[in-house]
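Notes follow once the structure below has been shown.
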Amino acid sequence: QVQLVESGGGLVQAGGSLRLSCVASGSIVDIKSMGWYRQGPGSQRDLIAVIFSGGSTTYGDSAKGRFTISRDTVKNTVYLQMNSLKPGDTAVYYCAIFLGGGWQRYWGQGTQVTVSS
C-alpha cells in the first residue's frame with residue numbers, strides 16, 4: 001500500500017504564491033520519480049513538474065519560470081513552489097509517485113488551487 005497526501009492548496013489572488021506538499025508513506029521502495037499534475041474543469045490531467053531519483057527535473061510548459069519542484073528524500077516528500085499565479089492555474093493539483101522497475105504509478109487525492117483575478 002502506498003499513500004500520498006497533498007496539502008497546501010487554497011484560494012489566492014492573482015500574482016500570489018502557494019507551496020504544495022506531498023508526503024508519501026507505506027510501501028515506498030525504489031522511487032523512480034515524484035511529480036505534480038493538475039486537472040482543470042473539463043480538462044485532461046497535465047504534467048506540471050517531475051523530479052527524478054537522481055535529482056533532475058522536468059517541467060511542463062505552463063510551469064516553466066514560475067513553479068519549482070523540490071524534494072526531501074528523507075521525508076519522502078515533494079514540494080511545488082508556485083509563484084506569479086494566474087487564474088488559469090486554477091485546478092486540482094495531484095501528486096504522483098512512480099515506484100520500481102515497472103514505474104508503477106500512484107496518485108494522491110488532489111488539492112484544490114483557486115486563483116482569483
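The values are calculated or read from the model by the stated rules, or taken from the named source; none is laboratory data. Since the structure is predicted, the reported quantities are computational estimates derived from the model, not experimental observations. So basically every Cβ, Gly included, is an ideal-geometry build from the backbone, and we count neighbours across all protein chains shown. Ligands, DNA and RNA are excluded from the accessible area calculation, which covers all protein heavy atoms including side chains. Shrake-Rupley method; radii C 1.70, N 1.55, O 1.52, S 1.80 Å.
Simple spin-label estimate for Trp107 and Ser56 gives 2.7 nm between the two label positions (7 Å along the Cα-to-Cβ direction from each Cα). Heavy-atom surface analysis with a 1.4 Å probe gives the chain a carbon and sulfur content of 48 percent of its accessible area. Beta bridges assigned by DSSP with both partners in the chain are antiparallel in approximately 90 percent of cases. Average accessible surface for the chain: 50 Å² per residue, computed with a 1.4 Å probe over protein heavy atoms with every protein chain in place. In straight-distance terms, cross-link reach from Lys64 covers every one of the lysines whose alpha-carbon lies under 24 Å from its own, apart from those fewer than eight places away in the same chain; here that gives Lys32, Lys86. For the peptides 54-62, 87-95, the ranking by mean Cβ contacts within 10 Å, running from highest to lowest, is 87-95, 54-62.
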